[in-house]
Amino acid sequence: MPVIKFVKEKKEIEVPRGANLRAEAVKAGVNLNCAVSGVSEGIDNFSKSVSKVVNCRGFGLCGTCRVNITEGMENTNGITVRERMKFKYFPFPDPLPCLAYLGHEDTMRLACMTKVEGDVVVETGPEINMFGENFFS
């Protein structure tokens, strides 16, 4: 059975082949949803608790469950149309998923649209680097 390793949470879970990344993380108690403002670190606890409630519940619409697959990208399904739309073409009403995608084009996924076929290493709540070399390219 595939193993999902959550780097920031220091947690590993074993899942059935073809399992949905978001669903399995929720079962394991890992909060994948970035805050409503799109930033997961350095904000108050109120915003973090709101983000657990205010999201699209796995339909690929809000972009708050974005993750970086740092290892094992080949063990996931291909990027979906909803992910492509959210990251590249549809920055409204929330532009932050598009901004977070810059510099992570090969590794960023929406957890709700990702099926796990083998071992993967996941970074939850990837940082938005608005001053990096890829921001203005």
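The values are calculated or read from the model by the stated rules, or taken from the named source; none is laboratory data. Just so it is clear, the model here is predicted, and its values are computed rather than measured. With ideal geometry, Cβ positions are generated from the backbone for all residues, glycine too; neighbour counts draw on all protein chains shown. The protein model used for the area step is the full one, side chains on, heavy atoms only, and it has no ligands, DNA or RNA in it. Shrake-Rupley method; radii C 1.70, N 1.55, O 1.52, S 1.80 Å.
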Filtering segment 9-22 down to residues that are touching a residue at least 60 places away in the same chain (Cβ under 8 Å) and surrounded by fewer than 13 Cβ atoms within 10 Å (Cβ to Cβ) yields Arg17, Gly18
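Quick check on my filter: what residues within segment 76-112 are of a type in the set (A, V, I, L, M), at pLDDT below 90 and in a helix (DSSP H, G or I)? So that I can check it myself, show each step before the final result.
Narrowing segment 76-112 to residues of a type in the set (A, V, I, L, M): 79, 81, 85, 96, 99-100, 102, 108, 110-111.
Right, trim to at pLDDT below 90 and you get 85, 96, 99-100, 102.
Result: Met85, Leu96, Leu99, Ala100.
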Practice prompt. Taking Ile69 as the residue in question, decide whether it is among the β-branched types (Val, Ile, Thr), modelled with pLDDT of 95 or more and on the phi < 0 side of the Ramachandran plot.
Written response: yes
Residue pairs within 8 Å by beta carbon, gap of at least six or interchain, first lying in segment 23-39 and at pLDDT below 90, second part of a loop (DSSP other than H, G, I, E, B) and open to solvent by 60 Å² or more (accessible area, probe 1.4 Å), listed first then second, are Val36/Val54
